[in-house]
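I have placed the structure first, in the form of structure tokens, so that the comments after it can refer back to it.
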Amino acid sequence: MKQSAAAVTLKGITKRFPGLVANDSIDFELKKGEIHALLGENGAGKSTLMNILFGLYQPDEGEIWVNGNKTVIEGAGKAIDLGIGMVHQHFKLVQPFTVAENIVLGNEPRKFGTFVNYKQANDKVRSISERYALKVDPQVRIKDITVGMQQRVEILKTLYRGAEILIFDEPTAVLTVQEIEELIGILRNLAAEGKSIILITHKLKEVMALADSVTVIRRGKVVRTVTTKETNEQQLAELMVGRDVNFQAVKTKKEPGELIVSVDNLTMKGEENKLVLNGVAFDIRAGEILGIAGVDGNGQSELVQAITGMRKASGGSVKLHGKEMINKTPRQMSVAGVSHIPEDRHKHGMVLDFTLSENMVLDTYFDPQFGKNGFIDYKAIDTLANQLVTEFDVRSSGIQAKARSLSGGNQQKAIIARELWKNPSLLIAVQPTRGLDIGAIEYVHKRLIEARDAGKAILLVSFELDELYALSDRIAVMYEGKIMGYADADQRDDKQLGLMMAGNSAAKQPTKGGR
Amino acid sequence: MNALEILGQLINVTLVFSTALIFTGLGGLFSERSGVINIGLEGLMVSGAFAAAVITDYAIQAGYEESAPWIGLVGASIFGVLFALLHAVSTITFKADQTIVGVVINILAAGIAIYLTKSLYEGSGQTTTLTHVFNKWEIPYLSDIPFFGEAFFKAYPTTYVVILLVIISYIVLYKTHFGLRLRAVGEYPSSADTVGISVTKYRYIGVLLSGALAGLGGATITLTTTSNFAHNTISGQGFIAIAAVIFGKWNPLGVAGAAIFFGFAQAIRNFAQLFEWSQQIPTEFFYMLPYVLTLVVLVGAVGRSAAPGSLGEPYDPAKR
Amino acid sequence: MDKVKGIADKTFNKTSFLVPLVAIILGLLCGAIAMLAGGFDPILAYQSLLKKLFGSPYDMGEAIRAITPLLFTGTAVAFAFRTGLFNIGVEGQFMMGMTGATVIGITLDLPWYLHAPLAIIVGALCGGLWAALTGYLKAVRGVNEVISSIMLNWVALYLSNYIIRAFFVAKGQQKSDPIQESALVSIGWLSDAMDHARMHWGTVIALLGIGVFYIILWRTKQGYELRAVGQSPDAALYAGINVNRTIVKSMFISGLFAGLAGVFETLGVFGYQTMLAAPWGYGFDGIAVALLGGNTPIGVLLGAILFGGLSYGSAGMSFGAGVPPELVRIVIGSIIFFIASHGIVKFFIKPFLGRRADKRKEAI
Amino acid sequence: GGGSKTNNGASGTNASASPEASAAPEESAAAGAKLKIGMVTDVGGVNDKSFNQSAWEGLQKVTKDTGSETKYLESKGDADMEPNLRAFVSEKYDMTWGVGFLFQDAMGKVAKDNPDSKFGIIDSAVDAPNVVSVNFAANEGSFLVGVVAGLTTKSNKIGFVGGMEIPSVTVFEAGFNAGVKAVNPDAKISRNYTGEFGKPDLGKAAAAVMYNDGVDVIFQVAGGTGNGVFNEATARKKAGQDVWVIGVDKDQSIEFGNEVTLTSMLKGVEAAIYQVSTDLINGKWEGGKSVVLGLKDGAVGLPENNPNISEDIMKKVEEYKQQIISGSLVVPTEVK
Ligand SMILES: Nc1ncnc2c1ncn2[C@@H]1O[C@H](COP(=O)(O)OP(=O)(O)OP(=O)(O)O)[C@@H](O)[C@H]1O
Ligand SMILES: Nc1ncnc2c1ncn2[C@@H]1O[C@H](COP(=O)(O)OP(=O)(O)OP(=O)(O)O)[C@@H](O)[C@H]1O
Ligand SMILES: [Mg+2]
Ligand SMILES: [Mg+2]
């Protein structure tokens, strides 16, 4: 019996949070050596379930069986002892520590009883990283490495502890295309080694490519468990959302209008006077979406910061409607008609402890319609908030709810509502669908295309090739602070795009844009 | 006196002022390294200073005259731990706001210490002057070395203890598994939690250590300089120690350096008043000197602050 | 069961009045236990305290006089807290406010309708600018406001002493010359009505100040900016708010309140300024008041009344029952402790509340 | 000696120590009229080992000798002084003392508002018919200890450690300097005002610096801060160094021992309080009187026993004392 026992069996797991049931009597089984995908909308309860399995939350009801034994997992320590490892949605890494320190933390090789044996730690890390072909340098600090590399460290952490059961919570949400490909390879490897893997993701393609079986959760309940062989993307999407989903945003061909923004020779200096932007130039016209592709860290964030005024450029020109706007303040840019859906919605997009209503005017509160003589008319703000919440279907317990209490998808909707309401001539959207489920993605895409059709110029920065191709009229590729060239938005060619993203400019000469 | 002699003595006096600040600063450091802000250092020092005065007094009366200051020192650290326990229970277990509880510790410790003093000493607002306190130790031979002898080898035993503690703290923090875990807990508690390290346990240790060390800091003042406890025995040193922790970038050596700097600024005002020219300068300017000097140095010392990442946040694994 | 928990959670969130109420009772209990341990009679002590507070018009007036500076300093601390700053420098700003008012009050010769307002404004500005210095150092040089304001407290103390000693002390005196009548803001008729208690207009202005605290933060654009910067400097930057300027502004306003506290001690209570060996303590007490009041305007008002009342009444306790006045600080400390650790309060009260909720359930 | 736990007396109720025993005064034997006399201290508190304490000791003696009820209130800040005085008035105390110069304004007001109550003030003068003001010519006594210091020093370096630089302290320095210069014009006098009256650590550091510099006699006028001067001297004496301290206000050799206490500059607060209070009890009280008590009144000067001062020096001291009393020598009150 024990021989063939499942790696993990969850029976009737229920978890309640004040006001909602996050997991409602969930049954789930992970077979040995399989990759099992967990699918569901934002807030369906996936992370909660996995946190229970990893001992971070205690279930209110239900049983956990690991390798055929019923257990109570009262803490992560116990989970680790049971051979469970988890790579969290938000990495659990100590930024100022080195890779090796992070990996051995809690289980340090020692000498004289208490002194950390760093040499041994480094050696051990090197040896497992070689064994699983996960190349990392044990001695660099986490804060100095890329997100993809950090994820490897997380994986190594679990392997170092001898995990046989691995949980991955949205591992691809923050990775670039190349990194995702590498990760898929790694996961296949691990499965081949006999590890059992639970994979949470919103990307159906990945599910189909990787998983053996899929469990779909909706509103805390299991909808169905199927094998990937007997299903397809469309069906999974329907199971998830409970209705038909359009994967491909409908975008009609359209002639762009007048020139809205013109960026020329934009440069910016970073740490140690390194050029993080090195002569960037492009134009965007009304009714046009310019997509920016590129591996994270090649100047995309800096480009956006320069255009929005959040960081000073060291040279060049940013013309809005023909008017020079280089190094204006964020307020001046905003007033001049620039809207910004920021990359980090928690850090920049919202004041999390303000109400939803207050957040709806974060960059327009000073407008005369919200009060005069220095006073604010909160009634007027509430009126607007109610209107936007209805129009954009932002779900919350009310406009006086703290922004913190909203789910990520609804926070993002609120930001988009706010930024579009400003009726900008230029909309800058950075990773607008990061971490959102397919239903929400569909919605955001629809809104962006509507904005484009309404004659706005849109700068879209994204790491998702699907998204770039679905939305953009033109795709510029950034590499090391420069625009390497433009990819053809109508004829998808991932290979050519990949080459440019890797710094190979041979594909196409940089042109300033326009058609 | 020649310049070198003056400098030697300046360092000597500096170390007297600095010792208590280093003890307390190290305490603050351990607490903050575990992620718990300790605004209550002042109160913890008060409790230590009080306990040292009373316990030493009792020990003297019980006939343990020579060991009395040492007994007082130990008692002070225990007393500091008791107050720190209050801090730990409410901020770690009950997730109360750390700043508020720190302020509470300051109010309570001062209130209780003076209340008890008055209860124990017939209504007097201060304890009796202790007949046996620490005397300076002159290290044989070393203290005869010109300059260095005066500067470093004629100090109170507590000074030697604290120097040792600085070194030990450094090693503990950066070389041992305990230190690695403590720093992880302070930096990003969920990283520790998810590898099976008890955040609660390490934070308790950090906060209780701060009580013990700040208690020693307070005791040092009683047992080396004031020889008794009164309502103003501790008046601001705990806050200066907090400044030393921040200024010293949460590193034991840095904290010690910062504390020595503050001590130096205190000492220099006494030396300045020795000189003829100083009579022309209003005394208030000498009193300001330590604080102005500190400000000037702070303003000059730009650089990102290296505060532990989770400082001030109660750890709640369920919080998103 | 869930429902009971829900009710308990609602009843015990921080904004509920029940927690402070229970905390006050527990705090008084702690004080009583300490008194019993010290061999005093807690009942007599609390009776004497109440008698001291309400026993005569004079004492009631003086209690108000004692509460007034706490209204200001509590507001100053709470205001800064709301904008993400820990203004531990209220003490120094208080000193500067006092000194500014003294200088104007002594040196100028103006009609009362100009003199007093000018002295008040200059004093407030002194406090405000002193605080703004802290804000500036934080905004521009990244100096932690806690450290710089602690240092500036001492500098303010000695600077004030120097100014008074060097320019305003008459020969053989240890305090400044008296402030001109025209700059004083005492309310003569009210003082007479209250047996010479030192009543002054500062109390009225302090109450207005609490209103201003509310209006600025929750009714004005400035307040929106201040709160945004306090909650999330990054989001404020995104929103186009000048974060550095807002920090300085916030400290400045906080310092105005602190300065006013000092102003009215000089112009309303003493009519002169002495040289001090140590800070007054109103600034640090202001931190306690702000925390007692959860940094809300109403809370500060009630916190100041509680803190100031207990402190003033402590002299009665000492007079009538022989209890050292420091006991009151144990009571106050305990109250704040229980408010902060409302989890502990919940623990104390749960059985009682559970029963009540059960009853309600039965009724339904 | 501390350590003994007592429950009463925290507020200084003397004759009726604990509330339960409030009937006690009735039972004790009458000695003259039994009155109620109160006293308000400044922030230093009643155990400041300085004039607040002396004042309270004077009142305690009054209780002992006459059975009168005495009580004190400590002021936590300047603002408390007025309500504290009024608290005694409203409790119908027969007389209330304010100890310290800071009481001047508060007492002026309270006395004016309550013409039927009687008051006394130390170290300041209030011009009102129901107030007795007592001041001390501290410069005169300081002159004499200056003479002692000037003649005792071997290094010719003498120190003065003060609390705050305010007239009630500088008057000591003025007299002291004059005394030193009178007998030893070459002596160098260092001064250090620590800025505080209650911080022994500052006093200790100030003394350490001076002794290191070669100073061998320090006159401390710094309240609790001065205790630090004694602590430093005691430690040095133990280590074999030959250093002295001159105490202030009371005979400080009683607390700090004859090993380090060269002598003390007494200020007869205790006697003055006792005198004026018993005057009241005996019906000899003169309201409105303002006195400056000096050498001729025996209110300032050296203690009776000075085991550390040689005959020769004592003779010199006596000479100067007579000159001052006779008026042929006028001691300055201000530091030049
Ligand atoms: N600690 C918590 N306290 C209260 N509610 C919580 C907590 N954690 C999660 N929830 C709520 O439980 C529900 C499930 O959340 P969970 O994080 O499991 O969703 P998810 O399926 O992982 O979503 P996503 O795709 O956005 O990661 C959500 O409504 C969420 O708001
Ligand atoms: N080989 C050893 N020799 C001597 N002492 C050791 C040895 N290994 C561990 N210790 C000490 O024993 C104590 C407990 O060690 P252990 O390895 O159980 O720690 P842990 O379980 O990883 O940590 P935790 O305290 O968080 O449970 C530590 O204080 C450590 O210093
Ligand atoms: Mg999730
Ligand atoms: Mg263990």
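Overview of results
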{"quantity": "Relative contact order of region D:123-183, defined on C-alpha pairs under 8 angstrom at six or more residues apart (%)", "calculated": "43"}
{"quantity": "Per residue accessible area of chain D, 1.4 Å probe, in Å²", "calculated": "36"}
{"quantity": "Total accessible area lost when B and A pair, probe 1.4 Å, Å² to nearest 100", "calculated": "2100"}
{"quantity": "Cross-link pairs beyond the 19 Å C-alpha cut-off, checked among D:Lys315/D:Lys336; A:Lys328/A:Lys413; D:Lys36/D:Lys64; D:Lys34/D:Lys289", "calculated": "D:Lys315/D:Lys336; A:Lys328/A:Lys413; D:Lys34/D:Lys289"}
{"quantity": "Whole-Hz ³J(HN,Hα) from phi, Karplus 6.51 cos²θ - 1.76 cosθ + 1.60, for region D:304-309, glycine and proline x", "calculated": "5, 9, 9, x, 8, 10"}
{"quantity": "Rounded tilt (10° steps) of C:57-82 against the dominant C-alpha axis of chain C", "calculated": "80"}
{"quantity": "Selection from C:Asn144, C:Val19, C:Cys30, by position along the positive dipole direction of chain C (Cβ)", "calculated": "C:Val19"}
{"quantity": "Cα lying deepest toward the dipole's positive end in region B:3-319, options B:Thr225, B:Ala267, B:Thr93, charges on Cβ", "calculated": "B:Thr93"}
{"quantity": "Given charges at Cβ of Lys, Arg, Asp, Glu: the protein assembly as shown dipole, positive-most of C:Gly128, A:Thr227, A:Ile458", "calculated": "A:Thr227"}
{"quantity": "Normalised contact order of region A:8-241, rounded percent, pairs of Cα under 8 Å and 6 or more residues apart", "calculated": "28"}
{"quantity": "Whole-percent carbon and sulfur share, accessible surface of region C:61-308, 1.4 Å", "calculated": "67"}
{"quantity": "Sequence-separation-based contact order of chain D, relative, with Cα cut under 8 Å and 6+ spacing, percent", "calculated": "18"}
{"quantity": "Interface area, B with D, accessible, probe 1.4 Å, both sides summed, Å² nearest 100", "calculated": "3300"}
{"quantity": "Spatial separation of Cα centroids for region C:36-86 and region A:172-241, in angstrom", "calculated": "64"}
{"quantity": "Neighbourhood charge, 9 Å Cβ-Cβ cut-off, centred on B:Leu173 and excluding it, Lys, Arg +1 and Asp, Glu -1", "calculated": "+3"}
{"quantity": "For region D:215-223, 3J(HN,Hα) per residue [Karplus equation, 6.51 cos²θ - 1.76 cosθ + 1.60, θ = phi - 60°, Hz, x = Gly/Pro]", "calculated": "4, 10, 9, 10, 9, 10, 10, 9, x"}
{"quantity": "Heavy-atom accessible area per residue - region A:8-241, 1.4 Å, Å²", "calculated": "40"}
{"quantity": "Ranked order, A:Glu467, B:Glu138, C:Glu326 - accessible area, probe 1.4 Å, largest first", "calculated": "B:Glu138, C:Glu326, A:Glu467"}
{"quantity": "Hits among aspartates and glutamates - C-alpha to C-alpha of D:Lys49 under 14 Å, sequence gap 8 or more where chains match", "calculated": "D:Glu57, D:Asp249, D:Asp251, D:Glu255, D:Glu270"}
{"quantity": "Those residues of region B:58-97 for which accessible area with every protein chain present is at least 20 Å² below the isolated value (1.4 Å probe)", "calculated": "B:Tyr58, B:Gln61, B:Leu86, B:Ser90, B:Phe94, B:Ala96"}
{"quantity": "Helix-only mean residue ellipticity at 222 nm for the protein assembly as shown, each DSSP H run of n ≥ 4 adding -39500 (n - 2.57), per residue, nearest 500", "calculated": "-16500 deg cm²/dmol"}
{"quantity": "Positions from region B:228-247 whose accessible area shrinks by 50 Å² or more when the full protein complex is built, not the chain alone, probe 1.4 Å", "calculated": "B:Asn232, B:Phe239, B:Ile246"}
{"quantity": "Partner aspartates and glutamates for A:Lys143 [C-alpha distance under 15 Å; skip if fewer than 8 residues away on the same chain]", "calculated": "A:Glu101, A:Glu154, A:Glu271, A:Asp296, B:Glu187"}
{"quantity": "FRET efficiency, A:Thr225 to A:Lys205 (Cβ-Cβ, R0 22 Å, nearest 0.05)", "calculated": "0.65"}
{"quantity": "For region A:281-501: accessible area per residue (Å², 1.4 Å)", "calculated": "34"}
{"quantity": "Size of charge dipole - region B:3-319 - debye, nearest 20, with Cβ of Lys, Arg +1 and Asp, Glu -1, no other charges", "calculated": "880"}
{"quantity": "Surface share of carbon and sulfur [accessible, 1.4 angstrom probe, percent] for chain A", "calculated": "49"}
{"quantity": "Accessible surface buried upon C-B contact (total; probe 1.4 Å; Å², nearest 100)", "calculated": "3700"}
{"quantity": "Cα gyration tensor category, rounded, prolate or oblate, for chain C with a/c compared to 1.5", "calculated": "oblate"}
{"quantity": "Accessible surface of region B:3-319, 1.4 Å probe, proportion on carbon and sulfur as whole %", "calculated": "69"}
{"quantity": "Rounded, prolate or oblate (a/c below 1.5 giving rounded, otherwise prolate when a/b exceeds b/c) for the protein assembly as shown by Cα gyration tensor", "calculated": "prolate"}
{"quantity": "Cα centre as origin, Lys/Arg/Asp/Glu Cβ charges: region A:281-501 dipole, Debye", "calculated": "720"}
{"quantity": "List A:Ile341, C:Ile106, ordered by accessible area with a 1.4 Å probe, largest first", "calculated": "C:Ile106, A:Ile341"}
{"quantity": "Reduction of at least 40 Å² in accessible surface, 1.4 Å probe, comparing all protein chains with the chain by itself, residues of region A:55-83", "calculated": "A:Leu56, A:Tyr57"}
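The values are calculated or read from the model by the stated rules, or taken from the named source; none is laboratory data. This structure is a prediction, so every number in the text was calculated from the model and none was measured. Positions of Cβ are backbone-derived with ideal geometry, glycine not excepted, and every protein chain shown enters the neighbour counts. The area values use the complete protein model at the heavy-atom level, side chains included, leaving out ligands, DNA and RNA. Shrake-Rupley method; radii C 1.70, N 1.55, O 1.52, S 1.80 Å.
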